[in-house]
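The values are calculated or read from the model by the stated rules, or taken from the named source; none is laboratory data. Computed from a predicted structure; not experimentally measured. Virtual Cβ from ideal backbone geometry, glycine too; neighbours counted across all protein chains shown.
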Amino acid sequence: MGESISETLRTELNTAGQIALDRETREAGERRLALRPDARFTKGTLFKLGQILDADYLIYGSYDIHLPQGETQLKNAAIEVVAHSIELRKFRDGKSFTESGRLADLSKIEELLAFDYAGVLAPEAGYSDDRFTAPAKLIRLDAKESYIRGLLSPYPEQKLKWFQQATTLDPAYTPPEFELGKVFLERKEYKLALSSLGKIPAGDQLYAAVRFRMGLAAYEKGDYAQSAAFFTEVAGLVPLNEVFNNLGAAESRLDQPDAIQEFQKAFEGDRNDAVYLFNLGLAFYKAGKYEEAAGYLRRVLDREPGNRDAQSLLERSEQKLPFSAQSGRPLPGERLKLNFDETAFRVLKAMLQPSK
């Protein structure tokens, strides 16, 4: 129940223009403080957790469920959710809200809480509750339960079962479709990953992350043109180093000269990343620019002395052996970045935007 409320708040506040940290980031903070996720945290512990995550605002709360006298259907149980907040930068309590209703209407109750806090965090936006509680926004209780069970399960097979059940129960519910795509990607079932991820429409909050993973799936499937198209689209939405790197990798496999430019964009964002250095070394080597290639590959080996692929390419570069020349073992390929940190981009963009 708590995870469901948290997921809805995170999703809706992100959609409303806030930067709400994801579940993985929160869990990483809990691990740093050696906190059990199912424990009741004191306000002092919550304050420490928020500080570790470098958050400005923290929302927490509790819920109570009970069956009215004579009622036997759990879906008709009464639920009351009480949410509190802490303004971490100002060292003070923030607004508290209470929403209640039937358990069957949990999705609406969660959306109303999101509406409450969206209005606190951006009062100038003038949000109406209709934006949050429109019928298309409300999720079936059993579909949401299946999705949350999938998120919480530590077992890949169970995750797969729960996410598939959620999408069957509510085909318009996109988060479980996204998680299904991730599961298929991890299982190297790239066609299924593309099918699940491809069901998430443009305009969805997950769209950029979806297309990034579709780029990975297409690349691993060997469809480099489709992969390049996906990464090009993502680069226009969220110009992250990892996106430029992967676009360069797809273009390199297509023997397109623009690959070096994409690798250089990634490198300019992080000049110490061994993946970007390696890909630049490989790209220059393939282009017959042996001295430039050797320079980047030496920097890779400075950071990763045991990198046999970099060592092999460096030796070939120093000997000026053409990329097409046969060698004792297959030449190494480009390195992909698998993580997509859209939150980091949004934080940086917010920092760089002039204050009004």
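Here are the numbers for the structure shown:
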| quantity | calculated |
| --- | --- |
| Failed item, numbered, when residue 251 is tested on (1) assigned to a helix (DSSP H, G or I); (2) buried (at least 20 other Cβ atoms within 10 Å of the Cβ); (3) not assigned by TED's automatic domain parsing to the domain that holds residue 284 | (3) |
| Long-range neighbours under 7 Å by Cβ, at least six apart or interchain, first residue within 20 Å of residue 250 (Cα to Cα) within the stretch 283-302, second at pLDDT below 95 and not in a helix (DSSP H, G or I) | 285/323; 286/323; 288/322 |
| Selected residue [surrounded by fewer than 18 Cβ atoms within 10 Å (Cβ to Cβ), in contact with a Phe, Trp or Tyr (Cβ under 7 Å, 6 or more places away or on another chain) and not aliphatic (A, V, I, L, M)] from 146, 153 | 153 |
| All positions within the stretch 45-76 that are of a type in the set (A, V, I, L, M, F, W, C) and either buried (at least 16 other Cβ atoms within 10 Å of the Cβ) or free of Cβ contacts under 8 Å to residues at least 12 places away in the same chain (or both) | 46, 49, 53, 55, 58, 59, 67 |
| Selected residue (criterion: nearest to the chain's Cα centre (by Cα)) from residues of the stretch 275-289 that are surrounded by 19 or more Cβ atoms within 10 Å (Cβ to Cβ) and of a type in the set (A, V, I, L, M) | 275 |
| Of all residues in the stretch 192-244 being under 22 Å from residue 11 (Cβ atoms) and among the polar types (S, T, N, Q), the one that is surrounded by the fewest Cβ atoms within 10 Å (Cβ to Cβ) | 205 |
| Sole residue being of a type outside the set (S, T, N, Q), closer than 27 Å to residue 199 by Cα and assigned to a helix (DSSP H, G or I), chosen from 75, 108 | 108 |
| Unmet criterion (only one of (1) under 30 Å from residue 16 (Cα atoms); (2) among the charged types (D, E, K, R); (3) not assigned by TED's automatic domain parsing to the domain that holds residue 301) for residue 223 | (1) |
| Residue within the stretch 312-321 that is closer than 30 Å to residue 207 by Cβ and surrounded by 12 or more Cβ atoms within 10 Å (Cβ to Cβ) present | no |
| Failed item in (1) surrounded by fewer than 16 Cβ atoms within 10 Å (Cβ to Cβ); (2) among the hydrophobic types (A, V, I, L, M, F, W, C); (3) part of a loop (DSSP other than H, G, I, E, B), with residue 21 passing the rest | (1) |
| Test: residue 292 is acidic (Asp, Glu), at pLDDT 95 or above, under 26 Å from residue 307 (Cβ atoms) and surrounded by fewer than 24 Cβ atoms within 10 Å (Cβ to Cβ) | yes |
| Residues of the stretch 257-274 that turn out to be surrounded by 19 or more Cβ atoms within 10 Å (Cβ to Cβ) and closer than 21 Å to residue 304 by Cβ, as a count | 4 |
